[in-house]
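The values are calculated or read from the model by the stated rules, or taken from the named source; none is laboratory data. Because the structure is predicted, anything quoted here is derived from the model rather than measured. When we count neighbours, we look across all protein chains shown, and the Cβ atoms used for this are built from the backbone with ideal geometry, even at glycine.
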Amino acid sequence: MRLLSSLSRILAGVNRKASTRAVRTVALIPGDGIGPEISAAVQEIFKFAKVPIEWDLVDVTPRPTGDGRFRMPQESLDIIRKHGIGLKGPLATPIGKGHQSLNLALRKEFNLYANVRPCKSIEGYETPYKDVDIVTVRENTEGEYSGIEHVIVDGVVQSIKLITEEASRRVAKFAFKYAKDNGRRTVTAVHKANIMRMSDGLFLRVCREEANNHRDIEFQEMFLDTVCLNLVQDPTRFDVLVMPNLYGDILSDLAAGLIGGLGVTPSGNIGETGAIFESVHGTAPDIAGQDRANPTALLFSAVMMLRYMELNDYANLIESAVLATIREAKVTSCFLMLFFISCLLILPFQ
């Protein structure tokens with residue numbers, strides 16, 4: 001963004017209290033389209049807040065492998081694996097033939113089995129819904145997105161939905177642990193076991209078993225279509241929702257729409273040994289390079305990342321500044337960034 005260079009000069013003399021924490025390195029995947037712009041904005045904001053993080057920029061653009069296929073560079077994957085934590089801008093998703101979705105490939109490569117999207121109403125960002133505070137937990141590695149498809153005969157294609165007890169149990173355990181760790185009261189298992197009795201039936205059975213191990217958390221189960229109906233009628237009845245892959249893809253976007261859209265919704269992909277946090281909106285190539293891109297979603301995702309890294313003081317500081325900017329500022333994009341930095345500088349360091 002053009003504003004950031006001038007901000008650097010304006011605030012060059014400002015000296016926030018230096019951190020005594022050890023500096024950690026995060027893999028940064030800028031992404032496509034507006035990705036590099038919003039990634040640069042996050043970097044600048046982290047710099048002003050003196051977050052003890054260094055960035056290792058990673059390019060995951062697929063390269064030909066020689067057999068007609070494409071694959072992300074191995075050296076890039078090695079960097080992400082070494083650091084264990086990544087922040088990712090939007091990546092272009094191919095449609096039809098060619099290399100698979102890079103987002104899906106990254107989740108599978110690092111076994112990031114749980115996608116977490118908090119959707120909470122933002123003061124100053126008006127929508128028809130008030131007091132939304134929902135977290136969707138999506139199984140991230142199998143289901144209809146297992147990538148098992150083939151042509152049976154011309155004009156007939158078969159796609160296999162894969163559900164395993166192992167994957168279902170770990171995401172169910174994650175959902176209940178997330179609820180407990182974050183002071184949540186209820187976990188709702190979303191399913192269609194009335195129709196897909198074996199696959200969704202397995203997922204639901206595992207969720208029920210995990211509920212028995214977490215009696216301090218209220219458990220309920222609900223059909224996917226009923227959840228959609230109730231979400232648009234009264235989203236306040238829900239807390240944490242856990243579900244298979246495809247349902248989570250659709251339902252998490254619906255929940256994001258209740259608070260203003262993907263442009264203000266954070267997302268994190270969590271695995272046993274690492275995590276990648278991301279903006280889930282598109283690459284917006286039509287406005288790339290025009291200083292019009294809004295970094296809010298990636299910034300909120302970076303706040304999620306800081307909490308995952310137990311850098312809670314910095315997470316609270318930046319989140320408070322973002323919320324204050326949205327709540328108070330009704331000006332052009334350049335002054336929005338200036339106002340945000342001002343909030344960041346005057347807020348007490350908690």
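Data for the structure
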item: Matching residues in segment 273-317 - criterion: being of a type in the set (A, V, I, L, M), closer than 18 Å to Lys47 by Cβ and in contact with a Phe, Trp or Tyr (Cβ under 8 Å, 6 or more places away or on another chain); result: Ala302, Met305, Leu306, Leu317
item: Matching residues, segment 51-94, being among the acidic types (Asp, Glu) and outside any strand (DSSP E or B); result: Asp59, Asp67, Glu75, Asp78
item: Some residue of segment 11-31 being within 16 Å of Ala288 (Cα to Cα) and either modelled with pLDDT of 50 or more or of a type outside the set (Gly, Ala, Ser) (or both); result: yes
item: Number of the condition not met by Thr265 [criteria: (1) touching an Asp or Glu at 6+ places or on another chain (Cβ under 7 Å); (2) under 30 Å from Ile79 (Cα atoms)]; result: (1)
item: Whichever residue in segment 242-277 is modelled with pLDDT under 95 and among the hydrophobic types (A, V, I, L, M, F, W, C) and, among such residues, is farthest from Phe223 (Cα to Cα); result: Val264
item: Residue match in segment 131-140 (condition: surrounded by fewer than 16 Cβ atoms within 10 Å (Cβ to Cβ) and under 22 Å from the mean Cα position of the chain (by Cα)); result: yes
